[in-house]
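Below: one structure, written as structure tokens.
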Amino acid sequence: MFPFIFFVRMGVVRTYLKAIFEKGSNSILILPMPISGKLAKYNSKRDFKKTSEPKGAVKRKKSKNSIFVVQKHQASHLHYDFRLEVGGVLKSWAVPKGPSKNSKDKRLAVMTEDHPIEYAKFQGEIPEGEYGGGRVEIWDSGAYESEKSMKSAVRDGQIEIELFGKRLKGKYALIRTKIGGNSKNWLLIRMKE
Ligand code: MN
């Protein structure tokens with residue numbers, strides 16, 4: 001029994017070392033930090049030699065203030081990207097019509113991949129032919145507050161927040177629906193005060 005177990009363990013160690021040496025020194029940094037996986041989708045969609053968008057890194061910070069940003073994105077179809085800082089990344093939704101200040105409007109908000117926190121400062125031109133090619137401008141930004149834990153609110157598909165932006169002030173809800181059978185479809189609604 002002992003030599004068999006020993007052999008298996010050596011096999012695991014060998015595979016690990018092989019991965020490090022074959023992929024170069026980066027593997028040493030990446031393997032012990034599974035959290036970088038949160039932005040794997042964001043990073044895989046972009047060629048950072050061509051776009052000036054920030055490269056994804058998960059940020060940990062102690063401050064209680066969380067930020068939101070709305071970016072007007074003139075891609076193949078104009079939309080507004082609504083992003084909320086949660087757990088070191090920006091949770092993101094594409095809102096075709098943009099947020100409304102009228103509580104009677106329900107705006108479709110399609111969940112997209114997590115973005116790095118630095119993305120909240122990004123504006124500029126994503127080159128044509130690249131992912132999301134077109135002009136990005138910051139339409140609004142500021143702090144937001146949530147009474148509930150945001151992590152569980154996102155998981156439950158029931159977010160209620162208060163925005164402290166320049167354009168958007170007040171309470172908004174983001175509710176996951178199954179419109180069109182797609183759980184990525186949420187609704188962004190201004191709540192009555
Ligand atoms: Mn976009």
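Using a cut-off of 11 Å between beta-carbons, work out the net charge of the residues near TYR42 (Lys and Arg +1, Asp and Glu -1, TYR42 not included).
Result for the local shell: +2.
Can you list the residues, at least 5 places off or on another chain, whose amide H is less than 5 Å from the amide H of GLY165, using H built in the peptide plane?
Close amide H contacts, sequence-distant or interchain: GLY170.
Got a sec to turn the phi values of segment 119-132 into Karplus ³J(HN,Hα) couplings, 6.51 cos²θ - 1.76 cosθ + 1.60 with θ = phi - 60°, whole Hz, x for Gly and Pro?
4, 4, 9, 7, 9, x, 10, 8, x, 4, x, 8, 4, x
For a label point 7 angstrom out from the Cα of HIS77 toward its Cβ, which stretches of segment 155-193 have the backbone nitrogen within less than 16 Å?
It comes to 179-188, nothing else.
Past 21 Å, Cα to Cα, is the threshold; run LYS45/LYS106; LYS45/LYS184; LYS45/LYS148 against it and keep the listed order.
LYS45/LYS106; LYS45/LYS148
Trypsin sites (Lys or Arg not before Pro), restricted to segment 76-169: which are DSSP loop and have at most 15 other Cβ atoms within 10 Å?
Numbers: sites: ARG83, LYS91, LYS97, LYS101, LYS104, LYS106, ARG107, LYS121, ARG135, LYS148, LYS151, ARG155, LYS166, ARG167, LYS169; in loops: LYS97, LYS101, LYS104, LYS148, LYS166, ARG167.
In loop regions of segment 76-169 (DSSP not H, G, I, E or B), the sparsely surrounded trypsin sites (Lys or Arg not before Pro) are LYS97, LYS101, LYS104, LYS148, LYS166, ARG167.
Pop a pseudo-label 7 angstrom from the Cα along the beta-carbon direction at both GLU147 and GLN123 and give the gap in nm to one decimal.
Result: 3.4 nm between the two label points.
Let's test the formula: R0 of 30 Å, r as the Cβ-Cβ distance of LYS192 and ARG155. What FRET efficiency results, to the nearest 0.05?
Using R0 = 30 Å, I get an efficiency of 0.75.
Sorted from largest down, what three extents in whole angstroms do the Cα atoms of segment 38-190 have along their principal axes?
40, 36, 32
Give the calculated FRET efficiency between LYS50 and ASN182 to the nearest 0.05, with a Förster radius of 41 Å applied to their Cβ-Cβ distance.
Approximately 0.85, to the nearest 0.05.
Where a number appears in this text, it was derived from the coordinates with a stated rule and is not lab data. Since the structure is predicted, the reported quantities are computational estimates derived from the model, not experimental observations. Positions of Cβ are generated from backbone atoms using ideal geometry, with glycine treated the same way; all protein chains shown enter the neighbour counts.
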